[in-house]
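Enquirer: Quick one: this structure, given as structure tokens, is what I'll be asking you about.
The values are calculated or read from the model by the stated rules, or taken from the named source; none is laboratory data. Everything quoted here is computed from the prediction, not taken from an experiment. FYI the Cβ positions are ideal-geometry reconstructions off the backbone, even for glycines, and counts take in every protein chain you see. Keep in mind that these areas ignore ligands, DNA and RNA; they rest on the heavy atoms of the full protein, side chains included. Shrake-Rupley method; radii C 1.70, N 1.55, O 1.52, S 1.80 Å.
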Amino acid sequence: MGGTVFGQSFSSLEDVMDIETMLFQLGKGMLTTGEIFILTLLFSLPLGLILSFGRMAKNGILRNITKLYISVMRGTPLMLQLLVVYFAPYYLFGIKISSSYRLIAVIIGFVLNYAAYFAEIYRAGIESIPLGQYEAAKVLGYSKANTFFRIILPQVIKRILPPVTNEVITLVKDTSLAFVLAVAEMFTIAKQIAAAEKSMMALVAAGIFYYVFNLLVALIMEKIEKKLSYYR
Amino acid sequence: MKLLDIMHMKKSYGGLQVLKDFALKVDEGEVVSIIGPSGSGKSTMLRCATLLEKMDRGIIKYEGRYLVQDLDRRCVYAKKEELRELQRYFGLVFQNFNLFPHFTVMKNVIDPLITVDNMPKEEALVRGEKLLAQLGLSDKANAYPYQLSGGQQQRVSIARALALQPRVLFFDEPTSALDPELTGEVLKVIKELAKEKMTMVIVTHEMQFARELSDRIVFMEDGAILEEGTPEEIFSSKNERVQNFIGKF
């Protein structure tokens with residue numbers, strides 16, 4: 001390799017990262033990206049369901065607290081929320097922040113944020129189920145839990161898949177925000193390489209990584225949608 | 001002792017009194033049709049009787065056992081265990097079926113048996129197959145509700161209600177969502193049930209059907225009973241309001 005980039009010439013081979021090394025570095029970052037992605041979904045999907053119950057609660061206090069929570073989570077930048085989660089232990093309790101907390105803070109921040117979005121999606125899904133389904137279940141003697149988990153939730157999941165797919169795809173891209181807490185996910189690494197190499201190459205490669213990741217996500221979600229299309 | 005005994009049933013929404021002192025007694029094996037204009041409280045009465053709606057005042061008894069008592073000027077519902085047992089006395093067939101769309105026809109019929117009654121699946125399947133055969137739906141056991149006609153869906157919902165072996169079956173305008181052709185097949189099924197001495201309370205706008213089938217017809221207006229009697233009595237009523245209403249059909 002060697003040559004001219006923006007008029008600057010360099011010839012020493014050691015200075016230039018070859019493609020394999022770059023891809024390897026990005027791949028390592030991809031693992032962290034994947035970790036943030038999977039852990040966020042794992043916790044925010046159930047938490048979102050619980051929040052949606054709060055949002056639809058008969059109890060006005062509970063309902064309004066949940067409403068405020070969702071409003072704040074949706075109304076402020078995720079990047080800011082990550083910083084707040086990271087620094088809160090120090091400012092609130094004077095706990096010294098260790099560097100191992102950075103990834104944890106990122107995941108907590110993502111979970112708290114995405115749960116708010118999922119809560120509203122669940123709510124829309126739950127409220128779209130005809131009242132008659134609850135009434136039929138009640139007359140047939142189903143308990144409240146059985147009504148929800150056997151009758152309502154399966155229908156809700158089918159209905160909310162498209163908006164959930166949207167959120168999941170956004171999440172893949174949002175993982176890049178972890179850079180504010182200096183977590184070495186893929187985008188952080190791509191930026192570092194790009195800066196060091198004075199080349200867009202790593203960023204382009206990162207873009208392709210994200211795209212392929214999302215292609216996979218869309219493919220899987222489509223499969224699930226197809227699987228649930230046995231009824232209307 | 002009456003199988004079902006409703007007394008002094010009252011229900012208001014806001015300031016609007018929808019039911020004013022309604023009463024109904026039903027004997028084992030009896031078929032009672034409830035007719036009357038829209039907004040007369042027929043459906044609300046049915047919804048209160050099936051506990052989908054809380055009534056304000058009044059009493060509901062099944063074989064002398066209190067499902068709802070009227071104490072201290074308000075309704076007191078039976079305690080959990082007793083409530084569950086008394087709920088077994090009745091089933092309800094809805095106007096728009098309310099089948100579970102993600103279950104097959106068979107599963108719609110037997111899932112309550114398995115989930116609610118903890119019946120072994122094999123036993124539930126035997127009962128399900130028998131019921132589907134009885135209602136002419138054997139070949140639809142593995143179909144999903146959306147694949148069926150309205151008439152077939154309503155027959156499935158009747159099978160689902162019958163599976164739990166209720167003592168009284170309530171119908172809330174069972175053919176109102178169906179075209180005349182499909183109405184016929186559902187009415188046929190209900191007639192067969194009547195022949196087998198199934199106790200039924202049917203809210204309906206099918207006058208001819210009510211006349212043929214019922215042991216007794218209750219004419220409701222403004223949340224109360226205007227007239228009650230055998231089909232002959234109602235169809236030869238001297239009451240102008242009743243005459244007018246029936247004459248329209």
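Enquirer: Taking a temperature of 37 °C and a viscosity of 0.692 mPa s, what whole-number D in µm²/s does Stokes-Einstein yield for the protein assembly as shown with Rh from Kirkwood over alpha carbon pairs?
Expert: Estimated via Stokes-Einstein, D reaches 121 µm²/s.
Enquirer: How big is D for chain B, in µm² s⁻¹ as a whole number, if Stokes-Einstein is applied with the Kirkwood radius of its Cα pairs at 37 °C and 0.692 mPa s?
Expert: Estimated via Stokes-Einstein, D reaches 175 µm²/s.
Enquirer: Once every DSSP H run of n ≥ 4 in the protein assembly as shown is given -39500 (n - 2.57) and the sum is divided by its residues, what mean residue ellipticity at 222 nm do you get, rounded to the nearest 500 deg cm²/dmol?
Expert: So the calculated ellipticity at 222 nm is -17500 deg cm²/dmol.
Enquirer: Now for a different question. Which percent, to the nearest 5, of DSSP beta bridges fully inside the protein assembly as shown are antiparallel?
Expert: 60 percent
Enquirer: Another one. Pick from A:Gly48, A:Gly141, A:Gly75: which is most flexible by mean-square fluctuation in a GNM of chain A where alpha carbon atoms under 10 Å apart are linked?
Expert: Looking only at A:Gly48, A:Gly141, A:Gly75, the largest GNM fluctuation is found for A:Gly141.
Enquirer: In terms of the ratio Rg/(2.2 N^0.38 Å) built on C-alpha atoms, what value belongs to region B:1-51?
Expert: 1.20
Enquirer: Right, next: Within chain B, which is the longest segment that contains none of the GluC sites (Glu not before Pro) sitting in a DSSP loop with at most 16 other Cβ atoms within 10 Å?
Expert: B:64-195
Enquirer: With a Förster radius of 45 Å, plug the Cβ-Cβ distance of A:Tyr230 and B:Ala23 into 1/(1 + (r/R0)^6) and report the FRET value to the nearest 0.05.
Expert: E between A:Tyr230 and B:Ala23, to the nearest 0.05, is 0.45.
Enquirer: Oh, and also: Mind ranking B:Tyr89, A:Tyr91 by accessible surface for me, highest first, 1.4 Å probe?
Expert: A:Tyr91, B:Tyr89
Enquirer: While we're here: Over the C-alpha atoms of region B:63-210, what are the Rg and the largest Cα-to-Cα span, Dmax, in Å?
Expert: For region B:63-210, the Cα radius of gyration and maximum Cα-Cα distance read 16.4, 54 Å.
Enquirer: Turning to a different aspect of this structure: Excluding ligands and nucleic acids, what accessible area in Å² is computed for B:Arg127 using a 1.4 Å probe, to the nearest 10?
Expert: Rounded to the nearest 10, the figure is 60 Å².
Enquirer: Straight-line reach from B:Lys197: which lysines fall under 20 Å, measuring Cα to Cα and dropping same-chain residues less than 8 apart?
Expert: Reachable lysines: B:Lys2, B:Lys25, B:Lys130, B:Lys188.
Enquirer: Of all accessible surface on chain B at a 1.4 Å probe, what whole percent is carbon and sulfur?
Expert: Whole-percent figure for carbon plus sulfur exposure: 47.
Enquirer: I need the fraction of alpha carbon pairs in region B:171-249 separated by more than 15 Å, rounded to a whole percent.
Expert: 58 percent
Enquirer: With every protein chain present, what is the per residue accessible area of region A:133-194 (1.4 Å probe, Å²)?
Expert: Ligands and nucleic acids excluded, the result is 39 Å² per residue.
Enquirer: Which whole-number value in Å² is the accessible area per residue of chain B, probe 1.4 Å?
Expert: Counting only protein heavy atoms, the per-residue value for chain B is 45 Å².
Enquirer: Determine the principal axes of the Cα atoms in region A:97-148, then give the extent along each, sorted from largest to smallest and rounded to whole angstroms.
Expert: 56, 20, 10
Enquirer: Can you say what percent of the DSSP beta bridges in region B:49-197, counting only those with both residues inside, are antiparallel? Round to 5.
Expert: For region B:49-197, the DSSP antiparallel bridge percentage is about 65.
Enquirer: Could you tell me which trypsin sites (Lys or Arg not before Pro) in region A:88-133 are loop residues by DSSP with no more than 16 other beta carbons within 10 angstrom of their beta carbon?
Expert: Answer in residue order: A:Lys96.
Enquirer: Would you mind listing how long region B:82-138 runs along its three principal axes, going by Cα atoms, in whole Å with the largest first?
Expert: 35, 30, 23
Enquirer: Summing +1 for each Lys or Arg and -1 for each Asp or Glu, what net charge is found among the other residues whose Cβ lies under 14 Å from the Cβ of B:Val76?
Expert: Net of charged neighbours comes to +4.
Enquirer: Considering only protein heavy atoms and a 1.4 Å probe, what is the carbon-and-sulfur percentage of the accessible area of region A:168-224?
Expert: Reported share for carbon and sulfur atoms: 76 percent.
Enquirer: Which entries of A:Lys58/B:Lys54; B:Lys42/B:Lys238; A:Lys67/A:Lys223; A:Lys58/B:Lys80 have Cα-Cα distances beyond 24 Å here?
Expert: A:Lys67/A:Lys223
Enquirer: For the A and B pair, go ahead and give the buried accessible area with a 1.4 Å probe, both sides summed, in Å² to 100.
Expert: Approximately 2000 Å², summed over both chains.
Enquirer: Put one equal scatterer on each alpha carbon of chain A, apply the Debye formula with no solvent term, and list log10 I(q)/I(0) at q = 0.13, 0.14, 0.15, 0.16 1/Å to two decimals.
Expert: Taking Cα atoms of chain A as identical point scatterers yields -0.90, -0.99, -1.07, -1.15.
Enquirer: Right, something else. Which residues, if any, in region B:95-113 lose at least 40 square angstrom of accessible heavy-atom surface (probe 1.4 Å) when the other protein chains sit next to their chain rather than the chain being alone?
Expert: B:Asn98, B:Phe100, B:Pro101, B:His102
Enquirer: Which semi-axes, in whole Å and largest first, does the equivalent ellipsoid of region B:137-194 have when worked out from the alpha carbon gyration tensor as the square roots of 5 times its eigenvalues?
Expert: 18, 16, 10
Enquirer: For chain A, set up a GNM with springs between Cα atoms under 10 Å and report which of A:Ser176, A:Ser199, A:Ser52 has the largest fluctuation.
Expert: Highest fluctuation among the options: A:Ser199.
Enquirer: If a helix is a whole DSSP H run, which ones in chain A reach 18 Å or further along their own axis (Cα) and hold a mean Kyte-Doolittle hydropathy of at least 0.5?
Expert: A:19-55, A:78-93, A:101-127, A:201-227
Enquirer: With bins 5 Å wide starting at 0, give me the P(r) of region A:124-165 over every alpha carbon pair, in whole percents.
Expert: Going out from 0 Å in 5 Å bins, region A:124-165 shows 5, 25, 31, 20, 11, 5, 2, 0 percent.
Enquirer: Determine the equivalent ellipsoid of region B:1-120 by diagonalising the alpha-carbon gyration tensor, then write out the semi-axes as square roots of 5 times the eigenvalues, largest first, rounded to whole Å.
Expert: So the three semi-axes of region B:1-120 are 27, 19, 15 Å.
Enquirer: Looking at chain A as a GNM with Cα springs under 10 Å, which of A:Tyr90, A:Tyr210, A:Tyr117 has the largest mean-square fluctuation?
Expert: For chain A, modelled as a Gaussian network with Cα springs under 10 Å, the answer is A:Tyr90.
Enquirer: Also: Sequence-distant or interchain residues sharing an amide H contact under 5 Å with B:Glu30, placed H: which?
Expert: When sequence neighbours closer than 5 places are left aside, the close amide H contacts are B:Met200.
Enquirer: In debye, nearest 20: dipole of the protein assembly as shown around its Cα centre with unit charges on the Cβ of K, R (+) and D, E (-)?
Expert: Here the size comes out at about 920 debye.
Enquirer: In whole percent, how big is the carbon plus sulfur part of the accessible area of region A:22-125, probe 1.4 Å, protein atoms only?
Expert: 72 percent
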